[in-house]
Amino acid sequence: MIYRSAAEVHWDADKNAVYSPAPREWTYLKWFKHIVDLIEKEADIQLHLTDQTEWVNIPTDLKNAILEEKKTKHNNI
């Protein structure tokens, strides 16, 4: 139901995944943080990155930024 929150987070039923719109003013990293925060706030669910996390079509610099974010503000992702 997160995609119904009017926060520009959408659901792809074929992939069973949430996604953001293509970046306009926000970067993909900012969208990532927004989605993580929104899911925690709206659904009381914490997302976690694990050794089994699949990084599909994610540029190395974005992956590294997300992992760095994990170490700092979002220690729970």
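The values are calculated or read from the model by the stated rules, or taken from the named source; none is laboratory data. Predicted model only: the values in this text are computed from it and were never measured. All Cβ positions, even for glycine, are placed from backbone atoms using ideal geometry, and neighbour counts span all protein chains on display.
Annotations for the structure displayed:
- Residues being of a type outside the set (D, E, K, R) and part of a loop (DSSP other than H, G, I, E, B) - total across segment 15-41: 7
- Residue check, Lys71 at negative phi and modelled with pLDDT of 90 or more: no
- For first residues located in segment 38-52 and without any contact (Cβ under 8 Å) to a residue 40 or more places away in the chain, partners that are in a loop (DSSP other than H, G, I, E, B) and exposed (fewer than 12 other Cβ atoms within 10 Å of the Cβ) and lie 6+ apart or on another chain with Cβ distances below 9 Å form the pairs Ile39/Ile45; Ile39/Gln46; Glu40/Gln46; Glu40/Asn76; Gln46/Asn76; Leu47/Asn76; His48/Asn76.
- Residue check, Val18 surrounded by 11 or more Cβ atoms within 10 Å (Cβ to Cβ), hydrophobic (A, V, I, L, M, F, W, C) and at pLDDT below 80: yes
- Residue list for segment 42-63, filter: part of a helix (DSSP H, G or I) and more than 15 Å from Glu8 (Cα to Cα): Ala43, Thr60, Asp61, Leu62, Lys63
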